[in-house]
Every structure is written in structure tokens, then in C-alpha cells.
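Before any comments, here is the structure.
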Amino acid sequence: MKAMGVLLFLALFSLPLCAQKEASEPAPAETKSWQALQELMRTIRQGGDKPTDQDLAVRREGGWEMAKRGRQFLKEYPLSSKAEDARALTSIGLYEATLAGDVAAEKELGAFAEQTIGDPKLPETLKLHAFVINQIARWARKNGKTSLNQGSAEFQNAYIEALFAAVGVLADKETIFKMILLQAKSGREGTPAEKKSLAERVLNHPAASPSMKLAAEKIVANEQTHAMGKPLDLSFTAVDGRKVDLKQLRGKVVLVDFWATWCGPCVAEVPALKKTYEIFHDQGFEIIGISLDDKEKDLLDFTRKKGMPWPQHFDGKHWNNEISFRFGINRVPTQWLVDKKGLLRNLNARHDLERAVERLLREE
């Protein structure tokens, strides 16, 4: 299973499976049940993009087993912090069994999606996950696909069409349009013409709000929100109340870190960030965090525990974080470096960060 650090359109398939939240420790029985459920991921992906008949048979069996264990987990631990993850995994198990040729799984997936969408207690993200994964499974079966590479153009097209279909069914249309527009802004697979066409569809969509139409209009007009060597406009009030404005940080080198506590690679880089901060902070180096978390407590608990003193932007909107959406961020971690003059100098600062910071600090 790919983590949230991949392209945004994969987020629905990894949502929320790459959770790294520092929650209270679950009971041993719950942990064992959860681990057994996760271990089935390898089974349902057996054979990769070119599965044999034997691989497909294993996927069908593994998909049903995942769905069974997911439902069992929900029944036994309905209040678990992993309950939403278990529901998502249940859908994914049925999805893989469906692609592997199980007609009964296809029907079950549709019923499970309908039940999820109709449950007023469940969050909109899970409803969107259930709807989209069911739509893609139906498309795959109709087109004779037994496997779909999530990085392929055909998968992305199926995903986009599923999102447009979701607009007509689900309540949170703003979030869905933002996900579509993020692909129009920065989806790597699309050509400029395809991205423009995608934005035009949103611009002309009767359900799009004025703010979404305005965002689409800017994409159609190829309006840039940032550019290498140009000033980066960024200001906000951090989750702890601090005022942050890059204009007020002129004379310092600033790392803008787009990240989340649920992102494994992001969490893994925290020690390196702290080390760089400790080495260069007194020389004029600052870090600004743009958190794509959806729970404030998760963010605050994590940053306190890990000793991360720099300010964090948080609005609880996950991938639709206002700042990350404005800049077209569709993967985390993403790290940018801004020089002493406030100019954007590096869009991929993750690699060799210490040397990049040191070089910018030496500049006059």
C-alpha cells in the first residue's frame, strides 16, 4: 500500500492507512487483530501489475479475508482509533477481490459503499473513499481490468471521473472539487492541455461554488502562485497563536515544511530536521511547518513529544489545507527553502538539507 507521500489521487487508496499518530496504546488483543488485518495487504497485491491466474485466485481469497477481518475488527473495537482505517481496508479488500474477478465481491463492495455513504455518523472522507473505490472497481470490471497500476494514466482518469460522479452524490462538494483542482494544478501525469481541460470542467460545473470557480479560472489562466527565484508570499497565525509572515523573516533562511503526523516519511525526517535546526538556528535558520493533519490534538501532542519548537499552520482540512492547496502541494513531505531575501530557492530541500541551508546562510 502506498503512503500519503505519493500523488494525491492515491490518497483515497492509502487513506488513512499510513497513520503514524501517537495515540494511547491499544490493548494487546486489538493490536494483534489490527496487525493481522494489515498483513493481508501483501496477499491482495500478489503478482503486482501482471498477476497470473494463481495470483488472482490468491487475491480473491485474500480480499474476502481482509473484508471479513475488517468487519470483525469494527464489531469488536468500534471505538478504536483504527476503526476508520479498518473500514477503509474492508473496502480495499473487496476492491481487490472484485478486480481479481469475484462477482460476489463486486456486489458486496457496492453494498458496503452504500451503507458507508448512508451512515450519518461516519466522516465525509470515508464516504468519499467508499464511493470512489467502488466506482473505480466498477470501471475496471467493465473494461476487463484485473489489476490497475495506481500510477497509470488510466487509473488517474478513472479516479477523476469517480470524483466528478461523487459531486452528484456526496454533501462535501467543496472538498471534492479541491481534490480535482489539485490534480489540475500539479498532477504529474497530465499534460498542460489536460490540466487546463480539467479546470475548465470545474469552472463550468453547476455545482462548483464561486470560490472553486475562481480557483479553476486561475488555473485556466495559468496564474502562478509561486516560482523559483521569486518572493514567496506566505503568512498565517500558527496553531499556538504565533504570527508568521515571511516578509518579517527577511535576513533569515527559512524552510517551509509541508508534512503531517500520519505521514511515515514525514515522521522519519523529524530527527534530521531537528538536527539541522539545532545546528543553524542561531545563525539565522528558521522552519515553518504546514501541517496537513485533520486533528489538532494529534499535531500538538506529536510536536511536544518530539521537541519541535517551530510554528505550525493547521486548519484541519487534511489534503485541502488552505496553504498547501494554494501552492498545489500533492505529496508530503515537501520542503521548500527561502533565502534571506525572501526568494524561493529550492523546491526539493529534503535532499542534502544541511548543505543547502549552509550555502544560503553564507550568501549576502
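The values are calculated or read from the model by the stated rules, or taken from the named source; none is laboratory data. Source: prediction; values computed, not measured. As a convention, Cβ positions derive from the backbone with ideal geometry for all residues, glycine included, and neighbour counts pool all protein chains shown. Side chains are part of the model used for accessible areas, which takes the heavy atoms of the whole protein and leaves out ligands, DNA and RNA. Shrake-Rupley method; radii C 1.70, N 1.55, O 1.52, S 1.80 Å.
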Normalised by the number of residues in the chain, what is the relative contact order in percent for Cα pairs under 8 Å and 6+ residues apart?
-> 17 percent
Mean Cα-pair separation over length for region 113-184, i.e. relative contact order, pairs under 8 Å, 6 or more apart, % = 29 percent
Among 64-76, 351-363, how do they line up from the highest to the lowest mean number of other beta-carbon atoms within 10 Å?
-> 64-76, 351-363
Run the dipole for region 141-261 about the Cα centre, Lys and Arg Cβ at +1, Asp and Glu Cβ at -1, nothing else charged, and hand back the magnitude in debye, nearest 20.
-> 140 debye
Mind sorting out which of (1) 19.9, 54; (2) 18.5, 52; (3) 21.5, 67 is the real Rg and Dmax of the Cα atoms in Å computed from the coordinates?
-> (3)
Within the chain, percent of DSSP bridges classed antiparallel, to nearest 5 | 55 percent
Simple label model, 7 Å out from Cα along Cβ direction - residue 154 to residue 326, nm = 4.0 nm
Counting only protein heavy atoms and using a 1.4 Å probe, what share of the accessible area of the chain belongs to carbon plus sulfur, as a whole percent?
-> 49 percent
The distance between the Cα centres of region 67-145 and region 244-311, in whole Å, is 35 Å
Magnitude of the Cβ-charge dipole of the chain, K/R +1 and D/E -1, about the Cα centre, nearest 20 debye?
-> 400 debye
To the nearest 500 deg cm²/dmol, what mean residue ellipticity at 222 nm is calculated for the chain from DSSP H runs of n ≥ 4 alone, each contributing -39,500 (n - 2.57), summed and divided by the residues?
-> -17000 deg cm²/dmol
At the level of C-alpha centres, the distance separating region 316-364 and region 165-184, in angstrom, is 27 Å
Could you give the DSSP H helices of the chain that reach 18 angstrom or more along their long axis (alpha carbon positions) and whose average Kyte-Doolittle hydropathy is no lower than -0.5?
-> 83-99, 103-117, 124-142, 153-167, 173-186, 264-280
Could you grab the relative contact order for region 146-213? Cα pairs under 8 Å, six or more apart, rounded to a whole percent.
-> 27 percent
Counting DSSP beta bridges in region 150-307, what percent are antiparallel, to the nearest 5?
-> 30 percent
Å² of accessible area per residue within the chain, as computed with a 1.4 Å probe and no ligands counted | 47 Å²
